[in-house]
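Values in this text are rule-based calculations from the coordinates and carry no lab data. For clarity, every value in this text was computed on a predicted model and none was experimentally measured. Cβ placement follows ideal geometry from the backbone for every residue including glycine, while neighbour counts extend to all protein chains displayed.
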Amino acid sequence: MAIQLPDLPYAKDGLAPYISANTLEFHYGKHHRAYVDNTNKLTAGTDLANESLETIVKKTVGDAAKSGLFNNAAQVWNHSFYWQCMKLNGGGKPAGKVADKINETWGSFDKFAEELKNAGVTQFGSGWAWLVLEGGKLKITKTANADTPIAHGVKPLLTVDVWEHAYYLDYQNRRPDYLATFIEKLINWDFVKANLG
C-alpha cells in the first residue's frame, strides 16, 4: 500500500492572495510530492511497506537508523494535515465549542492568537507551530524540522508550517506577517472543530 499524495482541498489558486498559486505549485507540487516519493522508496521491500503513514511515523521516531524515513513520512503527514487547516475566507475568531475551549484556556482569542503567532515566530529554523489537545486541555506547542505531535501521542488540532518554503515566495523573510495572515484569513475552524470532536 504505497503512500499517496492527497489532493489539495482547494485549487492551486484557492488561497490567493494570501498564499499564491506559485507557492502551492512548489510547496505541494514539489516539496510534498518529494516527501511522498521518498517515503515510498524508503519503505519499499521492508516490513513497513504496507503500514499506514501514522504507523510508519510512530515506528520510526527516535530510531537514528530510520531518521531519513521518519523525516520524510512525518513531513508527508504534517503537510497533509496543514492543507486541511486552511480555507479561503477562513481565519478570525471561531465559534461554539472551539471558542469556548480557547477562552477557557487563554482567556481570550487575542491571547491565543498572540501565543500561536509567537510559537511560529520563535521556532528557530524550520518547523511547525501547533494547537494540540493533550490530557483534555488545549496547548500551543512547536516542533522542529519534521517532528510532529502524533509521534509523541499528542492530538493535533491545527498547524501552521514555518519552513521557509511555506511562505518565502509570498512574504520573503516576513514570517510574522505570514503567521498573522494565517490566523486572520486562513484558519479552517471547521477542521479544528472536527479534530476536537
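Annotations for the structure displayed:
- Highest average packing first - 180-189, 68-77, 101-110, Cβ atoms within 10 Å: 68-77, 180-189, 101-110
- Net charge of the neighbourhood of residue 61, taken over other residues with C-beta under 13 Å away and scored Lys/Arg +1, Asp/Glu -1, is 0.
- Here each label is just a point 7 Å from Cα along the line to Cβ, and for residue 26 and residue 59 those points are 3.5 nm apart.
- The distance between label points at residue 46 and residue 137 comes to 3.6 nm (points 7 Å beyond Cα on the Cα→Cβ vector).
- Annotation: amide H-H contacts under 5 Å for residue 157 (H modelled 1.01 Å from N, sequence separation of 5 or more, or interchain): 131, 132, 133.
- Mean sequence separation of contacting Cα pairs (under 8 Å, at least six apart), scaled by the length of the chain, corresponds to a relative contact order of 26 percent.
- The ellipsoid that matches the Cα gyration tensor of the chain has semi-axes, each √(5λ) in whole angstrom, of 27, 20, 15, with the longest given first.
- Alpha-carbon centroid distance for the pair the stretch 148-172 / the stretch 38-95, whole angstrom: 12
- Length-normalised contact order for the stretch 21-84 - Cα pairs under 8 Å, 6+ apart - percent: 38
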